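Have a look at the structure below before the remarks.
The values are calculated or read from the model by the stated rules, or taken from the named source; none is laboratory data. Source: prediction; values computed, not measured. Don't worry about glycine lacking a Cβ; one is built from the backbone with ideal geometry, like all the others, and counts go over all protein chains shown. We work out accessible area using only protein heavy atoms, side chains counted, and drop any ligands, DNA or RNA first. Shrake-Rupley method; radii C 1.70, N 1.55, O 1.52, S 1.80 Å.
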Amino acid sequence: MIELLSDPNAWIAFGTLTVMEIVLGIDNIIFISIVVSRLPADRAKRARQIGLALALIFRIALLSVLAWMIALKTPVFTLAGQGFSWRDIILLVGGLFLLYKATSEIHEQIEGETHEEAAGRKAVGAFGFVIGQIILIDMIFSVDSIITAIGMAEDIEVMVAAVVVAVAVMYVASGPISEFVHRHPTVKMLALSFLLLIGVSLIADGIGFHIPRGYIYFAMAFSTMVEVFNIFVRRRRSPATQKPPVEL
């Protein structure tokens, strides 16, 4: 452990892996921001804290069983000539869940809700149910994140340190991101479209068609930049920001 502190290769691996874990954590933050938006502000903050704490626990727990994680990539059955491992199955389930969640949220945003749907929303927005959804998605993203870590670093101490720093950054960023999404309905719709995109990419990975994450994150960053410009334009054009005409 001590010798790693003086090993430049360990520091390079730590820096690279930390950045990669933060980037992979973007998906997690977006999902948590959408799910906790149904809760009151004080409970939403608590749900975010619990969700990210569980993300850290899942990642460290999975790192402690590296051999099992590596075995997840071994095919357990074959369908139409395509081998499917436990990792593939987990990614498929996660992708389908994200597609369902994003589609139902988008439908509600566009169509509104009836009295029956409002009652169902209150039940779905219950604290325990929200935490359950966060746990499910944490497990799915943790598997993908830790398999990436195993491929990028050799020392478990470096992996654990990178994961801890990445989750700490996610914790700091999750509050402002959730607030921003809550204040701007169009941003929430954009975030839901990101969940659709992430869900499709998980399903593609699960069936053996890998979509480079760089393409996905570039599309997300570009769309976010366009939406930020739209927000600035709307603010400048809002009546509250326009100056009254000067009387002569």
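Quick notes on this structure:
- When peptides 188-197, 33-42 are ranked by their average number of other Cβ atoms within 10 Å per residue, the highest-first order is 188-197, 33-42.
- Taking label points 7 Å from Cα along the Cα-to-Cβ direction, residue 186 and residue 136 give a separation of 3.2 nm.
- Equivalent-ellipsoid semi-axes of the stretch 155-204, from the Cα gyration tensor, Å, largest first: 28, 19, 4
- Net charge of neighbours whose Cβ lies under 13 Å from the Cβ of residue 229, counting Lys and Arg as +1 and Asp and Glu as -1: +3
- Shape of the stretch 22-113, Cα gyration tensor, a/c cut at 1.5: oblate
- Placed amide H near residue 85: partners under 5 Å, 5+ positions off or other chain: 76
- Residue 171 - accessible surface, heavy atoms, 1.4 Å probe, Å² rounded to 10: 110
- Where 107, 184, 210 fall by accessible area, highest first, once all protein chains stay in place (1.4 Å): 210, 107, 184
- For residue 181, the solvent-accessible surface with a 1.4 Å probe is about 10 Å², rounded to the nearest 10.
- At an R0 of 25 angstrom, the distance between the Cβ atoms of residue 226 and residue 43 translates into a FRET efficiency of 0.20.
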